[in-house]
Every structure is written in structure tokens, then in C-alpha cells.
1. Could you grab me the full set of residues in segment 101-115 that are aromatic (Phe, Trp, Tyr) and in a loop (DSSP other than H, G, I, E, B)?
2. Val71: under 28 Å from Gly186 (Cβ atoms) and touching a Lys or Arg at 6+ places or on another chain (Cβ under 7 Å), yes or no?
3. Tell me, please, whether a residue that is assigned to a loop (DSSP other than H, G, I, E, B), at pLDDT 90 or above, surrounded by 15 or more Cβ atoms within 10 Å (Cβ to Cβ) and not acidic (Asp, Glu) can be found in segment 167-188.
4. So which pairs qualify, if the first residue must be in segment 77-99 and farther than 13 Å from Asp16 by Cα, the second must be among the basic types (Lys, Arg) and assigned to a helix (DSSP H, G or I), the Cβ gap must be under 9 Å, and the two must be at least 6 apart or on different chains?
5. Do you know which residues across segment 116-163 are free of Cβ contacts under 8 Å to residues at least 40 places away in the same chain and outside any helix (DSSP H, G or I)?
6. Residue by residue through segment 164-198, note down the ones that are closer than 16 Å to Ile67 by Cβ, touching a residue at least 24 places away in the same chain (Cβ under 8 Å) and of a type in the set (Gly, Ala, Ser).
7. Pairs needed: first member in segment 31-47, more than 24 Å from Phe58 (Cβ to Cβ); second member anywhere, outside any loop (DSSP other than H, G, I, E, B) and at pLDDT 75 or above; C-beta distance under 7 Å; at least 6 residues apart or different chains.
8. Take the residues in segment 104-115 that are surrounded by 15 or more Cβ atoms within 10 Å (Cβ to Cβ) and touching a residue at least 40 places away in the same chain (Cβ under 8 Å); name whichever of them is nearest to Ile12 (Cα to Cα).
Amino acid sequence: MKKTEFQLERMILFSDAVFAIAITLLVIEIKVPHIERQINDDSILHSLIHILPELLGFILSFFTIGIYWSVHHRIFGTVENYDIKLIWINMTFLFSIVLMPFTTAVYSHFYQPNVIIPHLIYTINICLTGVLTIILISYTNNPAYSLKSKYDSKGSVTIQNMRALMMPLVLVFGLLISAFTLPWIGRMSPLLIPVYLFCVNKLTNSNSSR
């Protein structure tokens, strides 16, 4: 194996490890509820309902990290070279990923129907991840840096960017709803993800048929 391939593989393996640790830390934040009164089905169910916001936050962030791991995997699947700038762009991207267990805990633990700040903190984290993903896509597809032998088409890059922006746009939309209506309604914005994916897939199929 050439030295360049070895160093590139080290960066990818390190990135995968960061994703794995971040996604594991998400569930560590969820504590089994302590039941002080008599333990029965009703008390257990009541305690589980009490931690429901944390469970929902875990599910949302688990799949969010999974989505960005998939995008990262796709980006580096065609990269054949590296430079110091790519290393630091990737490190900054990973910084946004390791922040997610903390911002998810804030988002979930301080859930209140009329509170916006936890939602804002979480949304900023997701927006940072989305923007850094686009920077990675743009940098690796710039022929000036000689990181690939075959570069993605402009249409393909656009579709990748749209997928990277899915979570930021959905959460920002929810944040705007929270600001102008009721915060708990804005927190329902992830339900729009299937609609967003449908539109992106429609656009992808439209471009591929041309």
C-alpha cells in the first residue's frame, strides 16, 4: 500500500471511530429512571413517559449522525489523495459531530412546551454540521486540489449538497415555527424529513432522465 493511501485510510478510520463514539455517547446520556415508590407496571410506564423527550432526542440524533456518516462515507469513497487543508476541514466537521451528544442532551433534558433556547442550540449544531459537509463536498470536488481522478458532475454535487442541508433546513424551519407560534409545534419539524427526501429524490430522478 502506498504511503498516501495508508495516510488517507488512517483519516477515514479515525473519522469512523469518532462517529461510532458520538453515536454511542448519545445513548449513555439516557439514564434508567429511578423509581422511589412501589415498582409496578404503572410506575414503570410513568417513569418511561417522563424520559420520552430524551428517547426522542436520541432517535433524532442517532439517525442524524447516521445520515452524515453516510454522506462522509460517500465523499471519501472516491477521494484518492489528501492535503493538510482536507485534514483540518475533516477535523472541524468531526468537531460538530462530537458536539451532538451534548447538544442533544440539552435539547432533550430541558424540553418544555414553551422553551426555545435548547432547540436553538441543537439547531446551531446541526447547521454547523451541514455547512461543513458542503465545504467537504466542495473541496474534494475541486480539481485544483487533485484529490480525485474522477470528479462528480455539477448536478451530482448539487444533489449531495441538498441532502447535506436536509436536517439544517428542517430544524431551522421548526425553529421559525417555534418563534412565531408555539415551541412544541416547531419541535415536530423532523416529521417533514420524508417530504424533503421525496422532493430531493424527485429532482434526482428528473436530472438523471435528462
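1. Step one: of segment 101-115, the residues aromatic (Phe, Trp, Tyr) are 102, 107, 110-111.
Those that are aromatic (Phe, Trp, Tyr) and in a loop (DSSP other than H, G, I, E, B): Phe110, Tyr111.
2. On the way: under 28 Å from Gly186 (Cβ atoms): yes; touching a Lys or Arg at 6+ places or on another chain (Cβ under 7 Å): yes.
Yes: the conditions hold for Val71.
3. no
4. Nothing qualifies.
5. Passing the criteria: Asn141, Asn142, Tyr151, Ser153.
6. Within segment 164-198, just Ala164 meets the criteria.
7. The qualifying pairs are Arg37/Ser43.
8. It comes out as Thr104.
The values are calculated or read from the model by the stated rules, or taken from the named source; none is laboratory data. Given the structure is predicted, the values throughout are model-derived calculations rather than measurements. Here the Cβ is made from the backbone with ideal geometry for all residues, glycine too, and neighbour counts use every protein chain on show.
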